[in-house]
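For reference, the structure discussed in these notes is given below.
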Amino acid sequence: MPTISQLPSIALVTPSDEIPVNQAGATHSVSVGTLLASMQPAVISESGMLLGRVSLGPGGPESIAVGIGLLLNDGTLAASGLDHATYPLQTDLLPADQVVLNSAGDPKLLSLSLLRGLFSAGANIAISSSGTISANVAGEASSGQGGIYSITSLAPVTTIAASDLVAISQGGTDHTISYGNLLDGLTIDMAQPAVAATDTDALWVAQGSNTMLRQTFAAVWSWLTAKLPSYRLPVVEVTHDTTLDATIHNGRILVCSQPVTLSPVLLNLGDGFFCDVINLSSASVTFGAGIIASSGSSSLPAGQAAALRAINYSGGSAVFALVAGSGAGANPPALPGQVTGLDTGGPTTSSIMLTWSAPGSGGAVSSYAVQYRVSGGSAWTTFASGLSITSETVTGLATGTSYDFQVYAMNSAGAGQPSAVASASTASALGAVTSVTWNMVPSGSYTHGAGSIGMNVHVNPANVPVQFGFSTSSITPPTSWTIATYVNTDLWGAYVSTPATAGTWYAWVEGTDGSRPTVYPVAFTVT
């Protein structure tokens, strides 16, 4: 009889296949399908899953959810504590209430009354048995956690503001009030105005301590008069050209140890300004425009002194210098009048040319002085003095900067009133003009001194500014120029005043830095 291993093998088993079985001692056959129908199939599930029957009737195992608040982990079913959202709401806390806490990894219950033991009251603080925290006032113990409240235990302050708080008791209840409200907000500007001062009027003073005491005006005046004999005028040494200033020089003795120029700005001095000037240098001290000297000279010789007084009167404003030992003289000369017609022209990157006309009134002019300042400034700088002609080119200026200019005439009586201020700007350092092409030029005949004549040119480079002028020569450039205005693209133009003198004239143009002077070859006529 063959053994099992000797039987032929098959690759596939079907439910109708038969196998031998022993039943009650006899050998029978049974199909594979019949044999397996009575057996429980294998149950395979993922780790951590709980199985059971959820549905009614026969069937296999089904997954069972553990629900909110439970957690199945490695075969252990435990409470997760995540079901608190379903708990009823507690609106009041009582000392007997309990809470769940984690103690070294174990859940435990804690009585709320034990939480009170975690806190203690500090100085001037009390905690009641019910947990109320409050400030501990005088006469009330702090439940054994602090001493009696004392204001002397607080940190002191050295100043007080209107918003600072002051403690008060109102109707048996403690409150605070701001310092400003405590004083009813009264400030000095809210006080009633006083009548004319008298000797009996009083002031608050601190005398030997910070305690406020009362002092009368009469007592203060007695103190001042006792101090006046010991008062000495302050002395200020002057070593460079100086513009007088009331905050520095008023009521002072000015000792000039160098031959400087003193210039007044009446707006800064004010009516009643005074000072004494002593010239201890080796040469004369010069009085700037606006100072009238009793000596008739615009300078103070070495070793001389003068008393200066600023005054405003019906004739205007002036600073009068009373030179020691000098008088008005028998026939003192009159001051020169005001210089007129101050005009600017020919700006370069560092210079501007000035022209002006002699005064039409006042005494004879012996010389002129030119001053300048950056536009908007207050202090003037003297560029030149002692000029005998009515033109001057101011040099050493900053590039692309606006300046103010004024000129005043001088004679032995002093300096006349400065001219009206004229302003002009130096040229910007944008490079030189390389070429110009005339576009609109003078034509026809013009009446001398009447109106202006329009001109424009195309400029290369297009952003370099130019200036226009008139000359009676096609070879010699003009002596005065008018700055052009940018029109568009590379076009620059200007209206230039018609010449005041009849004759034949030529139009000129050049860069504001004097580059590429160009004459239009056809002359025009001024009648």
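The values are calculated or read from the model by the stated rules, or taken from the named source; none is laboratory data. Keep in mind that what you see is a predicted model, and the values were worked out from it rather than measured. Using ideal geometry, Cβ is built from the backbone for each residue, glycine included, and neighbour counts are taken over all protein chains shown. Side chains included, ligands, DNA and RNA excluded: accessible areas come from the protein's heavy atoms. Shrake-Rupley method; radii C 1.70, N 1.55, O 1.52, S 1.80 Å.
Hey, can you grab everything whose amide H is under 5 Å from the amide H of L70? Only 5+ residues off in sequence or another chain; H modelled, so Pro and N-termini drop out.
S80
Extension gain T395-H458, at 0.36 nm per residue separation less the Cα-Cα distance, in nm?
Here the answer is 19.8 nm.
Which FRET efficiency value, to the nearest 0.05, do you get for I4 and D106 by plugging their Cβ-Cβ distance into 1/(1 + (r/R0)^6) with R0 = 45 Å?
0.15
Would you be so kind as to identify which of P359, W481, N181 lies farthest towards the positive end of the dipole of the chain, taking Lys and Arg as +1 and Asp and Glu as -1 on Cβ and the Cα centre as origin?
P359
Could you order the peptides 336-347, 387-398 from most to least packed, using the average number of other C-beta atoms within 10 Å per residue?
Descending packing order for the listed peptides: 336-347, 387-398.
Under a point-charge model restricted to the Cβ atoms of Lys and Arg (+1) and Asp and Glu (-1), what is the dipole moment magnitude of the chain relative to its Cα centre, in debye to the nearest 20?
My answer is approximately 1680 debye.
Apply the Karplus curve 6.51 cos²θ - 1.76 cosθ + 1.60, θ = phi - 60°, to the phi angles in the range 463-472 and return the couplings in whole Hz, x for Gly and Pro.
Whole-Hz 3J(HN,Hα) from phi for the range 463-472: 9, 8, x, 10, 9, 10, x, 10, 9, 7.
How much of the accessible area of the chain, probe 1.4 Å, is carbon plus sulfur, in whole percent?
58 percent
Which whole-number percent is the relative contact order of the chain (Cα, under 8 Å, 6+ apart)?
6 percent
State, as an integer percentage, the relative contact order of the range 373-527 based on alpha-carbon contacts under 8 Å between residues 6 or more apart. Intermediate values should be presented prior to the final figure.
On the way: 311 pairs, mean separation 31.5, N = 155.
Rounded, it is 20 percent for the range 373-527.
What number comes out for accessible area per residue over the chain if the probe is 1.4 Å? Units Å², please.
With the other protein chains kept in place, the chain gives 63 Å² per residue.
Rounded to whole Å, give me the distance from the Cα center of the range 260-302 to that of the range 442-487.
About 44 Å separates the Cα centre of the range 260-302 from the one of the range 442-487.
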